[in-house]
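A.B. asks: This is the structure I want to talk about, given as structure tokens.
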2 protein chains.
Amino acid sequence: MSPRGDRDRGTGDARKRARAAGSGARGGVGGDARRGGKPSAAPGEIVVVGSVALDSVRTPFGESGEALGGSASYFSLSACHFAPVRMVAVVGEDFPLAHRETFKSRGVDLEGLEAAPGRTFRWRGEYDVELGHAHTLETQLNVFSDFHPRLDDRHRACPFVFLANIDPELQLEVLGQMRRPRLTVSDTMNYWIARKPDRVLEVLRRVDVALLNEEEAKSLAGETQLVRAADRLLDQGASAVIVKKGEHGALYRSREERFITPAYPVETLTDPTGAGDSFAGGFIGWLARSGRDDGHALRQALACGTAMASLAIEDFSPQRLLETDREEIARRVGLLHHMVSFELEPVF
Amino acid sequence: MSPRGDRDRGTGDARKRARAAGSGARGGVGGDARRGGKPSAAPGEIVVVGSVALDSVRTPFGESGEALGGSASYFSLSACHFAPVRMVAVVGEDFPLAHRETFKSRGVDLEGLEAAPGRTFRWRGEYDVELGHAHTLETQLNVFSDFHPRLDDRHRACPFVFLANIDPELQLEVLGQMRRPRLTVSDTMNYWIARKPDRVLEVLRRVDVALLNEEEAKSLAGETQLVRAADRLLDQGASAVIVKKGEHGALYRSREERFITPAYPVETLTDPTGAGDSFAGGFIGWLARSGRDDGHALRQALACGTAMASLAIEDFSPQRLLETDREEIARRVGLLHHMVSFELEPVF
């Protein structure tokens, strides 16, 4: 069963129902009844399919060597603060046991972390002083080049799905195997947009929310202005997109809604690697935790994503995601709320 | 009397008093009593000192030839929607009468608009497809090169002051002539930061709020990261800064407060010229209109500035500022509120 067939349980139509019920653009499905309290059920399980890597990163503020990296790593160590995570990825025989223990100590399920003959995926990159763009110095795909996600029944039953940046063909394969996902979110990168734009668009059409960075959105949409690019992606069939603008925050756009969240103002930006996946972890994590998909929940989820991204970039590898706790995360979400929210008064 | 001596009526200390009174970081001076209603008095008068120019601009979306431009023009035609504006600037003998009529039709006082022998200041520039930076093709200062602001008693008595981008020596001269300003705001540009950094910093120390764009803030502070740059400017003596990030919004930073506002998502970005001055017009305009300086008012003022900037960039010259009305401005402020504000819920 494809997630498409299950769309009426997803984000887009939930809001349509809310509107039909006359609860207004910000109203949600049972939002008021559940808002402010504990979630009514245990947090929903999340499955992530992506990469686990050993990263060597140099920035003007220091460097890391063969440290834990990869999209599935950042995502898991971010999302696990909110809800249980099952990881589907591949590593080589050389993958340090300590990293496995790190995941396990955070409750991340590794049943889907395949150990294949060969070496683990390695990435080496550096950032200039503006920290805007990573310059890839070396990519060794190693065991990741033959990665083929293997999902068991428990993976397929997960209600929340994050398709991190992998070949869109594989993303579609995973989507096709999911049973009744409540929320499916994809990520991608310019590499796939350049090589398989049609497949990337097909993924966009089939997930509930597609994450892209600003360049990717403009490139895929063929537009030079961000707002038009987001609109165009909806025209091309996406239900909702989140355009990540790095240090400038993120934009959520669906047919019904437009939310903007600025980045959390970090004082000690050290290494931007993994910011997007950490964002996705907080975003999906809070939705899985709250079990909600109304407008209020989406906004709070964006704030949670923003908080997790702000933590990730304060140190190399996912170190800060490991060190942080619920109190610090909640404090950042609260400060973000304080910095952006205002009480609307009559302008004239 | 310098504005410094009057600082206890300004933004910074008002908040300190509010804090001392235990009303919390978001509390304001009498804010709750006055909030939501009509302003208790007539809007305060604003004096702006800056340039009036004839601009020729080319963007990928079209071009303008010798159209009305200049910082004082954009500011006045933005702020006049909120409060009375008195302009202090200079034009040449060739300045079209029609432009004078345009200002007058909007109630902008032109007693301080000097007509000097010679030609009006002219600027010719172009933007690339990203619309991020203006490339100056030609600057003819003409009568503006000998500009010396002449303030009469009515100018000196204005409670709200905008020192648009002019020589910081002149900005200081104007500041020294003001009687009892309630709010003083400055702008600047890289040209002055490179040539007279000490004077620019002196202006920053003496005004209530200093406006800079991102590059200027980093350059003046000697920092590569925006958040640190804003912090450093406070260390250097600024009471509050607003860092304009163009299409990415703006950041307000004082010792007590940090607000962030993203840009309003414009679909038809045509010409970014004047965005910063239009922002300043909405920001100061709403504070002058409401007569308030509490945290709530500052946030709403940032939203008003953002709305005015979004209008200015939708067409060449200040055309959209002339075409818009209170209903459209209020709608944009309301939509911005809707896009950024969220109700904070327990994260865990």
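The values are calculated or read from the model by the stated rules, or taken from the named source; none is laboratory data. These numbers were taken from a predicted model, which means no experiment stands behind them. Positions of Cβ are generated from backbone atoms using ideal geometry, with glycine treated the same way; all protein chains shown enter the neighbour counts.
A.B. asks: For the stretch B:281-296, state whether one or more residues are surrounded by fewer than 24 Cβ atoms within 10 Å (Cβ to Cβ) and either on the phi > 0 side of the Ramachandran plot or hydrophobic (A, V, I, L, M, F, W, C) (or both).
C.D. replies: Taking every residue of the stretch B:281-296 in turn, at least one turns out to be surrounded by fewer than 24 Cβ atoms within 10 Å (Cβ to Cβ) and either on the phi > 0 side of the Ramachandran plot or hydrophobic (A, V, I, L, M, F, W, C) (or both).
A.B. asks: Okay, next question. Just give me the residues in the stretch A:313-328 being out of contact with any helix residue (DSSP H, G or I) (no Cβ under 6 Å at 6 or more places or on another chain), of a type in the set (Asp, Glu) and farther than 18 Å from A:TRP123 by Cβ, in sequence order.
C.D. replies: A:GLU323, A:ASP325, A:GLU327, A:GLU328
A.B. asks: Name every residue in the stretch A:131-169 that is under 20 Å from the mean Cα position of the chain (by Cα), within 24 Å of A:THR273 (Cβ to Cβ) and surrounded by fewer than 16 Cβ atoms within 10 Å (Cβ to Cβ), in order of residue number.
C.D. replies: A:GLY132, A:HIS133
A.B. asks: In this structure, does B:SER290 turn out to be among the hydroxyl-bearing types (Ser, Thr, Tyr) and out of contact with any helix residue (DSSP H, G or I) (no Cβ under 6 Å at 6 or more places or on another chain)?
C.D. replies: On the way: among the hydroxyl-bearing types (Ser, Thr, Tyr): yes; out of contact with any helix residue (DSSP H, G or I) (no Cβ under 6 Å at 6 or more places or on another chain): no.
For B:SER290, the condition - among the hydroxyl-bearing types (Ser, Thr, Tyr) and out of contact with any helix residue (DSSP H, G or I) (no Cβ under 6 Å at 6 or more places or on another chain) - is not met.
A.B. asks: When the stretch B:159-186 is examined, which residues are found to be without any contact (Cβ under 8 Å) to a residue 40 or more places away in the chain and among the small types (Gly, Ala, Ser)? It would help to see each step written out before you state the result.
C.D. replies: First, the residues of the stretch B:159-186 that are without any contact (Cβ under 8 Å) to a residue 40 or more places away in the chain: B:167-169, B:172-173, B:177, B:186.
Residue satisfying the conditions is B:SER186 alone.
A.B. asks: Can you tell me how many residues within the stretch A:81-131 are in contact (Cβ under 8 Å) with a residue 12 or more places away in the chain and within 14 Å of chain B (Cβ to nearest Cβ)?
C.D. replies: Qualifying residue count for the region: 7.
A.B. asks: Is it true that B:ASP187 is farther than 26 Å from A:ALA263 by Cα and crowded, with 16+ Cβ neighbours inside 10 Å? Don't jump to the end; show me each part of the working.
C.D. replies: Working: farther than 26 Å from A:ALA263 by Cα: no; crowded, with 16+ Cβ neighbours inside 10 Å: yes.
So B:ASP187 fails the test.
A.B. asks: Looking for whichever is over 15 Å from the mean Cα position of the chain (by Cα) and aromatic (Phe, Trp, Tyr) here; the options are A:TYR264, A:TYR252. Which one fits?
C.D. replies: Working: A:TYR252 fails: over 15 Å from the mean Cα position of the chain (by Cα).
It is A:TYR264.
A.B. asks: Of the residues in the stretch B:250-271, how many are in contact with a Ser or Thr (Cβ under 7 Å, 6 or more places away or on another chain), among the acidic types (Asp, Glu) and within 9 Å of chain A (Cβ to nearest Cβ)?
C.D. replies: Residues of the stretch B:250-271 that are in contact with a Ser or Thr (Cβ under 7 Å, 6 or more places away or on another chain), as a first pass: B:250, B:254, B:261, B:263-264, B:266, B:270-271.
The next check asks that each one be among the acidic types (Asp, Glu); those that pass are B:271.
Keeping just the survivors that are within 9 Å of chain A (Cβ to nearest Cβ) gives none.
Final tally of qualifying residues: 0.
A.B. asks: Out of B:ALA98, B:ALA67, B:ALA72, which single residue is small (Gly, Ala, Ser), part of a helix (DSSP H, G or I) and closer than 20 Å to B:ASN165 by Cα?
C.D. replies: On the way: B:ALA98 fails: closer than 20 Å to B:ASN165 by Cα; B:ALA67 fails: part of a helix (DSSP H, G or I).
The unique qualifying residue is B:ALA72.
A.B. asks: Tell me whether the stretch A:197-206 contains one or more residues that are in a helix (DSSP H, G or I), farther than 26 Å from B:GLY334 by Cα and at pLDDT below 95. Quick ask: steps written out before the conclusion?
C.D. replies: Keep residues of the stretch A:197-206 that are in a helix (DSSP H, G or I), which gives A:197-206.
From the residues that got through so far, the ones that are farther than 26 Å from B:GLY334 by Cα too are A:197-206.
Still in the list and also at pLDDT below 95: none.
Scanning the stretch A:197-206 turns up no residue that is in a helix (DSSP H, G or I), farther than 26 Å from B:GLY334 by Cα and at pLDDT below 95.
A.B. asks: Right, here's the next one. For B:ALA297, all conditions in the list (1) more than 13 Å from chain A (Cβ to nearest Cβ); (2) farther than 25 Å from A:ALA250 by Cα hold save one; what is the number of the exception?
C.D. replies: Only one criterion in (1) more than 13 Å from chain A (Cβ to nearest Cβ); (2) farther than 25 Å from A:ALA250 by Cα is unmet by B:ALA297, namely (1).
A.B. asks: To continue, here is another question. Does B:ARG292 satisfy being within 12 Å of another protein chain (Cβ to nearest Cβ) and at pLDDT below 95? Steps first, please.
C.D. replies: Numbers: within 12 Å of another protein chain (Cβ to nearest Cβ): yes; at pLDDT below 95: yes.
Considered against the rule, which asks whether it is within 12 Å of another protein chain (Cβ to nearest Cβ) and at pLDDT below 95, B:ARG292 comes out as yes.
A.B. asks: Same structure, new question: Among the residues that make up the stretch A:121-138, is at least one of them over 23 Å from A:PRO181 (Cα atoms), in contact with a helix residue (DSSP H, G or I) (Cβ under 6 Å, 6 or more places away or on another chain) and not small (Gly, Ala, Ser)?
C.D. replies: The initial filter retains those residues of the stretch A:121-138 that are over 23 Å from A:PRO181 (Cα atoms), namely A:121-138.
Those still in the list that are in contact with a helix residue (DSSP H, G or I) (Cβ under 6 Å, 6 or more places away or on another chain) too: A:121.
Then keep just the ones that are not small (Gly, Ala, Ser); that gives A:121.
Yes, the conditions are met somewhere in the stretch A:121-138.
A.B. asks: Can you report the number of residues in the stretch B:65-80 which are surrounded by fewer than 24 Cβ atoms within 10 Å (Cβ to Cβ) and either modelled with pLDDT of 95 or more or at positive phi (or both)?
C.D. replies: Within the stretch B:65-80, the subset surrounded by fewer than 24 Cβ atoms within 10 Å (Cβ to Cβ) is B:65-67, B:80.
Filter once more, so that each one left must be either modelled with pLDDT of 95 or more or at positive phi (or both): B:66-67, B:80.
Residues in the stretch B:65-80 being surrounded by fewer than 24 Cβ atoms within 10 Å (Cβ to Cβ) and either modelled with pLDDT of 95 or more or at positive phi (or both): 3 in total.
A.B. asks: Are there strands (runs of 3 or more DSSP E) fully within the stretch B:103-147 with at least 2 residues that are among the small types (Gly, Ala, Ser)? List them.
C.D. replies: On the way: elements: B:109-115, B:122-127, B:134-140.
The qualifying strands (runs of 3 or more DSSP E) are B:109-115.
A.B. asks: Between B:LYS218, B:LYS244, which is surrounded by 17 or more Cβ atoms within 10 Å (Cβ to Cβ), within 14 Å of another protein chain (Cβ to nearest Cβ) and either of a type in the set (S, T, N, Q) or under 28 Å from B:VAL333 (Cβ atoms) (or both)? Give the steps one after another, and end with the answer.
C.D. replies: Details: B:LYS218 fails: either of a type in the set (S, T, N, Q) or under 28 Å from B:VAL333 (Cβ atoms) (or both).
Selected residue: B:LYS244, the only one of B:LYS218, B:LYS244 that is surrounded by 17 or more Cβ atoms within 10 Å (Cβ to Cβ), within 14 Å of another protein chain (Cβ to nearest Cβ) and either of a type in the set (S, T, N, Q) or under 28 Å from B:VAL333 (Cβ atoms) (or both).
A.B. asks: Now a separate question. Cβ-Cβ under 6 Å, sequence separation 6+ or interchain: first residue in the stretch B:225-237 and within 13 Å of chain A (Cβ to nearest Cβ), partner among the aliphatic types (A, V, I, L, M). Which pairs?
C.D. replies: Filtered contacts from the stretch B:225-237: B:GLN225/A:LEU269; B:ALA229/B:ALA217; B:ALA229/B:ALA221; B:ALA230/B:VAL241; B:ALA230/B:VAL243; B:ARG232/B:ALA221.
A.B. asks: Here is a further query. Taking B:ARG232 as meeting all but one of (1) touching a strand residue (DSSP E or B) at 6+ places or on another chain (Cβ under 6 Å); (2) at negative phi, write down the number of the exception.
C.D. replies: With respect to (1) touching a strand residue (DSSP E or B) at 6+ places or on another chain (Cβ under 6 Å); (2) at negative phi, B:ARG232 is out only on (1).
A.B. asks: Return the residues of the stretch A:170-196 that are of a type in the set (S, T, N, Q), under 17 Å from the mean Cα position of the chain (by Cα) and assigned to a helix (DSSP H, G or I); say none if nothing qualifies.
C.D. replies: Our first condition is that a residue be of a type in the set (S, T, N, Q); within the stretch A:170-196, this holds for A:171, A:177, A:184, A:186, A:188, A:190.
Going one step further and asking which of them are under 17 Å from the mean Cα position of the chain (by Cα), we end up with A:171, A:184, A:186, A:188, A:190.
Within the stretch A:170-196, A:GLN171, A:ASN190 meet the criteria.
A.B. asks: Kindly indicate whether B:GLY281 is in a helix (DSSP H, G or I), touching a strand residue (DSSP E or B) at 6+ places or on another chain (Cβ under 6 Å) and more than 10 Å from chain A (Cβ to nearest Cβ). Let's see the steps before the verdict.
C.D. replies: Details: in a helix (DSSP H, G or I): yes; touching a strand residue (DSSP E or B) at 6+ places or on another chain (Cβ under 6 Å): no; more than 10 Å from chain A (Cβ to nearest Cβ): yes.
In short, no.
A.B. asks: Scan the stretch B:303-348 for residues that are under 30 Å from A:GLU327 (Cα atoms) and either at the interface with chain A (Cβ under 8 Å from one of its Cβ atoms) or surrounded by fewer than 22 Cβ atoms within 10 Å (Cβ to Cβ) (or both) and jot them down. Step through it out loud before you land on a result.
C.D. replies: So in the stretch B:303-348, the residues under 30 Å from A:GLU327 (Cα atoms) come out as B:336-348.
Residues satisfying the conditions are B:HIS337, B:HIS338, B:MET339, B:VAL340, B:SER341, B:PHE342, B:GLU343, B:LEU344, B:GLU345, B:PRO346, B:VAL347, B:PHE348.
A.B. asks: Checking B:VAL209 against (1) surrounded by fewer than 22 Cβ atoms within 10 Å (Cβ to Cβ); (2) more than 8 Å from every other protein chain (Cβ to nearest Cβ): exactly one of these is not met. Which one?
C.D. replies: Unmet condition: (1).
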